[in-house]
1. In the P(r) worked out for segment 246-287, what percent of Cα pairs fall beyond 11 Å?
2. Mind telling me which of Ile337, Ile53, Ile86 comes out most flexible in a GNM of the chain, alpha-carbon contacts under 10 Å?
3. Search the structure for amide H atoms under 5 Å from the amide H of Ser294, placed 1.01 Å from N in the peptide plane, and list their residues when 5 or more places away or on another chain.
4. Apply the Karplus curve 6.51 cos²θ - 1.76 cosθ + 1.60, θ = phi - 60°, to the phi angles in segment 360-372 and return the couplings in whole Hz, x for Gly and Pro.
5. So, taking all protein chains as they sit and a 1.4 Å probe, how much accessible area belongs to Ile253, in Å² rounded to tens?
6. Full extension from Glu276 to Glu169: what is 0.36 nm times the residue separation minus their Cα-Cα distance, to one decimal in nm?
7. Enumerate the amide H contacts of Ser183 below 5 Å, restricted to partners 5 or more residues apart or on another chain; note that Pro and chain-start residues carry no placed amide H.
8. Equivalent-ellipsoid semi-axes (√(5λ), Cα gyration tensor) for segment 26-158, whole Å, largest first?
Amino acid sequence: MKKILPLLLAMSLAAPAYADTPSDVEVLHWWTSGGEARSVDNLKEKMKKEGYIWKDFAVAGRAGQSAINTLRIRALSGNPPDVAQIKGPEIQEWGKLGFLASLDDVAAKQHWNELIPRRVQEYLKVDGHYVAVPFNIHRVNWLWANPEVFEKADAELPVTLDDFFVAAEKIKAAGYIPLALGSEAWQESTLFESIALAIMGPEDFRKAFIDKDTALLTGEKMRETLLTFRKMKQYTDADSPGRNWSDTTSLVIEGKAAMQMMGDWAKGEFLAANKEAGKDFLCIPAPGTANQFSFNIDSFVFFKNSNAGKTDSQRTLAKLILDPDFQREFNMSKGSIPVRVDSDMEGFDTCGKESMQAFLRAAATDNLVPSLSHNMAVGRASQIALFDVISRFFDDDDVSVDETMRYIRAAVLADNL
Ligand code: GAL
């Protein structure tokens, strides 16, 4: 990104005047699954009531990688959308390049400094100015279970990683898929992340992936993480390669698979299929991570625009996202918890309430970690390299642990290049 800075700046300065009307707001995002679409439709409706037209630019797939690639192409050609879904350290990357509009005035009026947890605020500001608005807090280290399959297999819900393998054997013997996984790089990394968290613990996890401690990245705990990760492969099904995450969740919904380790956007799929939390499906912490909370915060950024009407529509959207009613409605269907500290959790299902309690507990006990596989811990260069290395190791049994640890180290350091 650094190397293309002059080109990007030249192109953004040469950008043509916007031909669309001020009441339009074009939004680039990747919320296209059943649960995601339902959640974002609510926002589209609210914008309509305010008199604005939401022009949807949805790019499906790979937890946003395809959307971000499209965004880069559009921004490079001087034609960014008005709004885009960007999160984590990448907000800094775009902000430092001068693309993003300041939201300080909306933030001041709506009291963001008081409403948004400090840990979250860090991600939203560039040089002290707000440039992104957050929707939610997703927990990544969850396990989604179908209780009926567990019962039929006479298996216990796993609390530890050892328990996981005991249960998986029983489920396999009973003829079900123990672990629903789509072998896309980001889904594999999501699984890897929960195992790393269980084996390394939050402190070493942060030291390794954020402080880039090379001894930990190539140490014994990393070896154990990789071996445990690979061992899980035998409990996935033959149709796993390339399957998207929501079709993978459907396997659990339909009782073909017992478990999926996935962030709580998976709950959105259960709800969209009219399933009830605590009855038709269960949420438990990913094995070995009960006290920990790997967080993933969705946010929108707003591209600079000289058209006053545009700026109004952007600001209205930013304000609506933090509106207390929207926070509840959106997060109830999305599977995440509200980002506003004053949110009332009454009416949320058991998984939502548990997630909020887990978040508060983890925050108080230093057990919060930014998600490694969802762009919260590392920048884009490291993220892409990590996806490749982790996926190659999982997909090809001939790739050695030692070689993989060396590549993981290089991937984590890639952001410094
Ligand atoms: C994540 C995003 C979630 C969820 C998921 C799958 O990166 O933060 O909101 O939608 O991708 O699309």
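1. Numbers: 539 of 861 pairs.
When all Cα pairs of segment 246-287 are counted, 63 percent exceed 11 Å.
2. Among Ile337, Ile53, Ile86, the largest GNM mean-square fluctuation belongs to Ile53.
3. Val140, Asn141, Val369
4. 5, 5, 5, 5, 6, 10, 6, 10, 8, 9, x, 5, 6
5. Here the residue's solvent-accessible area equals roughly 30 Å².
6. Working: separation 107, 0.36 × 107 = 38.52 nm, distance 2.69 nm.
Between Glu276 and Glu169, full extension yields an extra 35.8 nm.
7. Result for Ser183 returns Gly242, Arg243.
8. With the √(5λ) rule applied to segment 26-158, the semi-axes are 32, 20, 17 Å.
The values are calculated or read from the model by the stated rules, or taken from the named source; none is laboratory data. Since the model is a prediction, treat every value here as computed from it, not as a measurement. Areas reflect the complete protein model, heavy atoms only, side chains present, ligands, DNA and RNA absent. Shrake-Rupley method; radii C 1.70, N 1.55, O 1.52, S 1.80 Å.
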